[in-house]
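Below: one structure, written as C-alpha cells.
The values are calculated or read from the model by the stated rules, or taken from the named source; none is laboratory data. Predicted model, so just to flag it, every value in this text is computed and none were measured. Ideal geometry is used to build each Cβ from the backbone, glycine not excepted, and the neighbour counts take in all protein chains shown.
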2 protein chains.
Amino acid sequence: MRYTVVITIELKEGMLDPEARAIRHALANLMFPTEDLTTARLVRIKLDAPDAVAAREEAARMCELLLANPIIHDYTIEVE
Amino acid sequence: MRYTVVITIELKEGMLDPEARAIRHALANLMFPTEDLTTARLVRIKLDAPDAVAAREEAARMCELLLANPIIHDYTIEVE
C-alpha cells in the first residue's frame, strides 16, 4: 500500500540556528517583533510499505542513514 | 495572548526542486525506492496577537514581505 510520510527535521534544543536568527532580525526590521523563532526542514515522501508501522520504520531508517544528523538534529515522522 | 504559528513554505507544483531530486537519488542508492519526494521549509514563530485570526494575518504578512517568494512558493499557516 502507498503511504505518505512527512519527516520534520529540526536542530536540537540549544543548537545555534543562524538562519532563524537572520529571519528574526529581518522580521524585527519590518516591524514584526517575535518572541521566538525556529526553522525546520520538511521532507514528504510517498513510498510503498505493507502497513503504516513499516512505513514509519522505513522513514526512520532514511533519517538515520541520510536525512538527519543525529548529533545535531531531532526528527519526527508522521504517516498519512 | 501568545500564539505559535507554524508556516510551511514549499515550491509550487511543477517547480524544479533540485534538493528533492538529490535526496531521492541518494535514497535510491541506499535501496530506498520512493514514489515521490518533496521538500519544504518550516518556520515556527511565537508571537503576541489579540486573537488567533490576528496571529494568522500577521504570519501571512510575514510570508508576503519576507518568508515566501509568491512567484515560486506556496505557503500554509497553522495557528496553535
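A few points about this structure:
- For region B:56-68, the criterion of being hydrophobic (A, V, I, L, M, F, W, C) and over 18 Å from the mean Cα position of the chain (by Cα) is satisfied by no residue at all.
- First in region A:24-48 and without any contact (Cβ under 8 Å) to a residue 12 or more places away in the chain and more than 7 Å from chain B (Cβ to nearest Cβ), second anywhere and surrounded by fewer than 17 Cβ atoms within 10 Å (Cβ to Cβ) and part of a strand (DSSP E or B), Cβ under 9 Å, 6 or more apart: A:Pro33/B:Asp48
- Test: residue in region B:17-36 that is touching a Cys at 6+ places or on another chain (Cβ under 9 Å) and at pLDDT 95 or above: no
- Tally of residues being part of a strand (DSSP E or B), more than 7 Å from chain A (Cβ to nearest Cβ) and more than 27 Å from A:Met1 (Cα to Cα) across region B:1-23: 6
- The set of residues in region A:46-80 being touching an Asp or Glu at 6+ places or on another chain (Cβ under 7 Å) and crowded, with 18+ Cβ neighbours inside 10 Å consists of A:Leu47 alone.
- Candidate set: region A:47-71, residues that are in a loop (DSSP other than H, G, I, E, B) and closer than 21 Å to B:Ala22 by Cα; chosen: the one modelled with the lowest pLDDT: A:Pro70
- Any hit, region A:24-33, residues being in contact with a strand residue (DSSP E or B) (Cβ under 6 Å, 6 or more places away or on another chain) and part of a helix (DSSP H, G or I): yes
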